[in-house]
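The structure appears below as structure tokens.
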Amino acid sequence: MSTSNNSTDGTTTNVPQSYAEYRSLMQWPSTLDIPLLSSEDEIVNIDFKQKESLLDNPEDFIQLLIEENCNKSYWLTIAVNYVKVGKIKEGIRLIELSLKEFQGSESAHLHTFLSWAYLDLAKLTSKDSNNSFRETCLKKAEFHLQNSIQFEPIWIGNMLATIDIFYQKGEYDKALETIQLFTKAISSNPNNKGANNQPQKNVFFILMKAKLLYQKGNYFGALKLFQELIILNPLLIPDPRIGCGLCYWQLGDFEMAINSWERVLELDPENFNVKILLLLSKYHSTINDSLNDEQFIENYTSNIKDLQKIYELNKFILQEQNDRSLEIPEFKQVEEIQPNILILLQMYYYFIEDFTTVIDIYEKKFENKLETQISKKITSISLCWAGRACFVLSDLKKALKYFQQSLNLDSKNGLSLFGLGQIQYSDSFLDEAILTFETYCTKIDKHSIEANYVLGCLMANKLISTLELNTKSKDTIVGQYLKTDTIRMKAIEYLETYIKLVNINKRSQMVSLKAYVILSQLYEQKNMFEKCIFYSQKIIEQLNFLKNEINWDIYNNLGCYYFASAKYLLAKENFQLAFEKFPKDKEDTLQITIEYNLIRTGEELGEDTSEAISKYDDLLSKNPNSLSLKLRKAVLAKDKQSIEKLMEANPKNLEIRSIYSWMIKVDKSFDIVEEINHNKTTLEKVSDKDSHALITLGNIYINICRKLKRDSHNPNQLKLKTSYLKALKLYRNALNLDPHNVYAAQGIAIVYAGLGNHNEALQILRRCRDSINGKSVFINLAQELTEIKDYVKAIDSYNIALNKSTSDVEKADVLNLLGRVWLLRFFKDGSLDFIVKAVESNQKAIDLVTGNNFNEKFAMDLQFNKISLYSMLISKIVKLPSVERSVEKLETILVESEKIVSFIESTLGNADLMKYFQEKDLKHVLTKYKETLLENLKEIIEEQKQYVAALEKRLLDAREYVEKQNLLETQEKEEQERIERELKEKELAKYAKLQEEAQRLIEERQDLIDDEDDKVDTNNDGDEEFEGDDKSAKNKNGTKTAGEPSKKRKRKSAIDDDEDGEGEENVKPKRGKKSTLSSEFITDSDENDEELVLSEHEEDNQVEEEENLEEDEKPEEE
């Protein structure tokens, strides 16, 4: 039914110059003249602009049309005007009656009209509404289309109707296939050729294809087609710019979308739908792009004013519709106002907290009308706002009902999902609320800031509930840990995602401080204190940015995290800030806690012990019942009796019992049996869940195994394995009690290492490394890496352990182990550098123990290691080629070797030291050094000196040779330069001589020419009277006229031209002027000079002859 200003088939031809002209061309005739058969001069005029002209009963037109034998165009004109004013039923009725008059092929266009009319009825209802009336209209449209296609299968109107039926049914793929088939058919039609014999494009097909691609979500493809439509027909109705704007919006380019819709309004200021789109876009911009509250209020106020204007305009349009009495019995129109405007009104009333009106708008305008033309998505949004209003009014039951109905209509309504989750959480259905918000992230927007924040908080709450239930759970400790850790990691993941999203979109909001606090607490449970410090600092940074007061508890928490990370100076600073900011009117117990933290940090910083004890006494005077203060004071004073009294007063306190176990170990009268009995008593009579007692007993068994290995070369394997297994059981029990106990995990790794399972031990130690971060874990890690022969990583771990060592004895121990790894690497690769590194590590360890009261046996072990290392070093270095050795290093090794010999000799004479060595072995080593190693070393030193001397001599000879060669080359170069300089001077002299000769010849030639000129002038003066008759005779013979120009003086030019053949070089110098002839015109040989002189004389003779001829031919002068 649609037509355009182009051709009748929709192909593009000339485009009108204005939008108004285009709209006028789109209109059907508004008047109709029906001629009467009874009178040729009379007609019946029907003016469709008058309401009464379109009769309520279309059958009243039938008698007139039949009697006057009107063709089908009259019937169609009346029917189309019925449709134009909204009386689609009357138009359909009229054409259905016309089918009785027109049969066969004449009925084709009538059936096409009925197909489009029923399609118009179907479009008045929403596609996603469950309406049987719509389905009926589509079936009838398809029926009439089939009847029309029987006679007009390739008519454009029928093709478009076929595509539109598929579109209205939602069968977009079929519609696209049909468009492709029809396009090929039209392109192959020879009658559809345009310029350059190319097929013309049909704008309606392109428009339908663009709409289909949009519905399928191919926004790039749809945008391209809408843009093509603008090029083909800028004034097409509907305006393709509307489609461009929708595509831009879906692609996230909101600015381009708004520009497209504003251009539509420029062309069609009355386009109501575009005004609504622009209003919605302004709301979107206000909510998402406002930088602060003031800007939001300003923008939102402007939007409300625009909403009011559009609302009034909608009411005016509604009044016009009521005036036209548009009624369709089969279809009851529901909205008095556009549904989108009603949604915006609901939003407005919700923001001004008029929640009752929000609910009323839904109940009066949307409820019980779901089977009408209102879209399900629009109704879902209205239900969502009504549900939110009910939630604020605490009518949770009704709010839940509205949210569920909203999601039934549109499962991707994010606000309804949020509302449903809020109600579930309010009703204590925590798991259901988490599932709802996870559904939102999965199906709607996984990058939602609000959803990730809410899920993080809900997961944290679930973790707290789970930890409380674990005390009553029958699951194993490991099972409980795995369950809680999964929840904890999810909470961390959601909250960190939330923070990332906020930082990406910094303009929208700032990170909630609660998110930082929760993350700090979650990481604290995992003993990841660096993360706790990071998020606590973020809290302080944000509060400083907002210029808000920072509470004391934030500094106190940060101080605790620094203390746990062994950063005691920073911990003390934060505890001091917490103490200063603590309000004086608060309870004293919290202030005592801060003071306790300050004293405890001072202990770790090495402050005076007596001063710390005095401070504890002051705190005890304020709070004498504090068990922690009493216990810490006793530990600091190493008062075993006080701890024993506390343990008697609190026999079930596991902390006191563990500290008492430690006091037994550090006591001077240490008895391992007492320590074992104490911990056994704790496990058997007090609690079998004391992890400290379990780990302590495990460590005792590990020490037993080490002693068995150290004291015997062939230890009892059964006893060794039994002790390891007992330790493993104790460590596992401790780990079951506390899955985060890294010391128990490290103990298990040590057991695995002792049993030979080095890979498993290595995996556990790597996981413990981040938590313990101490010297011991890196030493254990290096030992396991050494066992699997990964010496490079082992060396790195020992270096880290060395940096973490504080005392000289610890450093010497690590250096000794490090030297062992360098030695093993030497055995593997054979590089001299590795044995040198081993020697250096050993020497550093010896330097640390020399002069200090260390374990004498350890010092002797280091000396024996030095003896062995130098023995291997000398054996290796004597085999090296001379080029890889140096006299200085060899002499240094000789000095150290002589010291070793002296040490061995002194040790053999010292009975106290000989208890650490085997006399036979020591004497054998001494003999080896004296008889072999030292002698070989001395010989090598002499050889090396000779080699160095010979090398120096060769270097000296080579240097002298090079200097001589350089001198010869210099002399040769100078001689060559002198010869070249002399040749150049000769050439220059030769060039100067030739130039002077040439200049002389030029001047002579010029003199000859000037003399000839003088002679000619003299002859002319004397012979003029004798030449008159000859000249007259010549004139009479016609050989020379009196008026012909004279050739006098042209001979000079001729002579110049003959001299060189090139015009640019033919200017003859005058007498007395300096020659400008350059050296490039002078030949390079005497022979050429002679030829030049001869040629110049010949040219002079020729010039003289030509001048004589010209004088003879000169005409008589008047």
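A few comments on the model shown:
- Close contacts from the range 638-659, counting a first residue that is acidic (Asp, Glu) and a second that is assigned to a helix (DSSP H, G or I) and surrounded by 16 or more Cβ atoms within 10 Å (Cβ to Cβ), with Cβ to Cβ under 8 Å and a gap of 6+ residues or different chains, come to Asp639/Lys633; Glu644/Tyr660; Glu655/Leu631.
- Any hit, the range 623-643, residues being closer than 30 Å to Cys532 by Cα and not in a helix (DSSP H, G or I): yes
- Within the range 646-682, if we keep just the residues that are touching a helix residue (DSSP H, G or I) at 6+ places or on another chain (Cβ under 8 Å) and in a loop (DSSP other than H, G, I, E, B), the residue that is surrounded by the most Cβ atoms within 10 Å (Cβ to Cβ) turns out to be Asn653.
- Yes/no for Lys876 being surrounded by 15 or more Cβ atoms within 10 Å (Cβ to Cβ), of a type in the set (D, E, K, R) and free of Cβ contacts under 8 Å to residues at least 60 places away in the same chain: yes
- Comparison of Glu810, Glu760, Glu784 shows that the only residue that is on the phi < 0 side of the Ramachandran plot, of a type in the set (D, E, K, R) and either without any contact (Cβ under 8 Å) to a residue 24 or more places away in the chain or in a loop (DSSP other than H, G, I, E, B) (or both) is Glu760.
- Restricting the range 445-474 to residues that are more than 17 Å from Leu495 (Cα to Cα) and either small (Gly, Ala, Ser) or surrounded by 16 or more Cβ atoms within 10 Å (Cβ to Cβ) (or both), the residue that is modelled with the lowest pLDDT is Ser473.
- Selected residue (only one of Lys531, Lys514, Lys500, Lys547 is part of a loop (DSSP other than H, G, I, E, B), of a type in the set (D, E, K, R) and surrounded by fewer than 19 Cβ atoms within 10 Å (Cβ to Cβ)): Lys547
- The residue list Phe366, Phe429, Phe355 contains one member that is under 19 Å from Asn461 (Cα atoms), of a type outside the set (Ser, Thr, Tyr) and without any contact (Cβ under 8 Å) to a residue 40 or more places away in the chain, which is Phe429.
- Scanning the range 565-586 for residues that are of a type in the set (A, V, I, L, M, F, W, C) and at pLDDT below 90 yields Ala566, Phe582.
- Taken together, the residues in the range 687-703 that are farther than 22 Å from Leu654 by Cα and either among the polar types (S, T, N, Q) or at pLDDT below 85 (or both) amount to 1.
- Test: residue in the range 896-918 that is under 59 Å from the mean Cα position of the chain (by Cα) and of a type outside the set (Lys, Arg): no
- Answer from Leu951, Leu956, Leu988 - the residue that is among the aliphatic types (A, V, I, L, M) and either surrounded by 12 or more Cβ atoms within 10 Å (Cβ to Cβ) or in contact with a strand residue (DSSP E or B) (Cβ under 9 Å, 6 or more places away or on another chain) (or both): Leu951
- Number of the condition not met by Asn288 [criteria: (1) at pLDDT below 85; (2) farther than 22 Å from Pro339 by Cα; (3) outside any helix (DSSP H, G or I)]: (3)
- A count restricted to the range 621-657 and to residues that are within 25 Å of Leu737 (Cβ to Cβ) and touching a Ser or Thr at 6+ places or on another chain (Cβ under 8 Å) stands at 3.
- Hey, Phe133 of a type in the set (Phe, Trp, Tyr), outside any helix (DSSP H, G or I) and crowded, with 16+ Cβ neighbours inside 10 Å or not: no
- Checking each residue in the range 818-847 for being surrounded by fewer than 19 Cβ atoms within 10 Å (Cβ to Cβ) and either in contact (Cβ under 8 Å) with a residue 40 or more places away in the chain or outside any helix (DSSP H, G or I) (or both) picks out Gly830, Ser831, Leu832.
- Qualifying residue in the range 845-866 (condition: closer than 27 Å to Lys938 by Cα, modelled with pLDDT under 90, acidic (Asp, Glu) and within 55 Å of the chain's Cα centre (by Cα)): yes
- From the options Arg978, Arg1005, Arg954, residue that is out of contact with any Pro (no Cβ under 8 Å at 6 or more places or on another chain) and within 30 Å of Ser882 (Cβ to Cβ): Arg954
- From Leu922, Leu1001, Leu926, Leu937, residue being part of a helix (DSSP H, G or I), touching a residue at least 60 places away in the same chain (Cβ under 8 Å) and within 30 Å of Lys899 (Cα to Cα): Leu937
- Pair list, Cβ < 9 Å and 6+ apart or interchain, from the range 962-983 residues that are loosely packed, with under 10 Cβ neighbours inside 10 Å to residues that are among the polar types (S, T, N, Q) and modelled with pLDDT under 90: none
To keep it simple, each residue is scored yes or no on (1) in a helix (DSSP H, G or I); (2) under 18 Å from Ala693 (Cβ atoms); (3) more than 49 Å from the chain's Cα centre (by Cα).
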site	(1), (2), (3)
Pro715	no, no, yes
Lys719	yes, no, yes
Ser723	yes, yes, yes
Ala727	yes, yes, yes
Ala734	yes, yes, no
Ala744	yes, yes, no
Arg769	yes, no, no
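- Considered as a group, the residues in the range 688-705 that are surrounded by 14 or more Cβ atoms within 10 Å (Cβ to Cβ) and not hydrophobic (A, V, I, L, M, F, W, C) include one that is farthest from Leu631 (Cα to Cα), and that residue is Tyr701.
- Test: residue in the range 230-244 that is touching a Cys at 6+ places or on another chain (Cβ under 9 Å) and touching a residue at least 12 places away in the same chain (Cβ under 8 Å): yes
A quick yes/no check of all residues on (1) more than 20 Å from Ala761 (Cβ to Cβ); (2) basic (Lys, Arg); (3) at pLDDT 90 or above:
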| position | (1), (2), (3) |
| --- | --- |
| Ala782 | no, no, yes |
| Ala794 | no, no, yes |
| Ser797 | no, no, yes |
| Ile800 | no, no, yes |
| Ser805 | yes, no, no |
| Glu810 | yes, no, no |
| Val814 | no, no, yes |
| Leu817 | no, no, yes |
| Arg820 | no, yes, yes |
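- Taken together, Ser105, Ser148 contain a single residue that is of a type in the set (Ser, Thr, Tyr), part of a helix (DSSP H, G or I) and surrounded by fewer than 20 Cβ atoms within 10 Å (Cβ to Cβ), which is Ser105.
The values are calculated or read from the model by the stated rules, or taken from the named source; none is laboratory data. Being a predicted model, the structure only gives us computed values, none of them experimental. Using ideal geometry, Cβ is built from the backbone for each residue, glycine included, and neighbour counts are taken over all protein chains shown.
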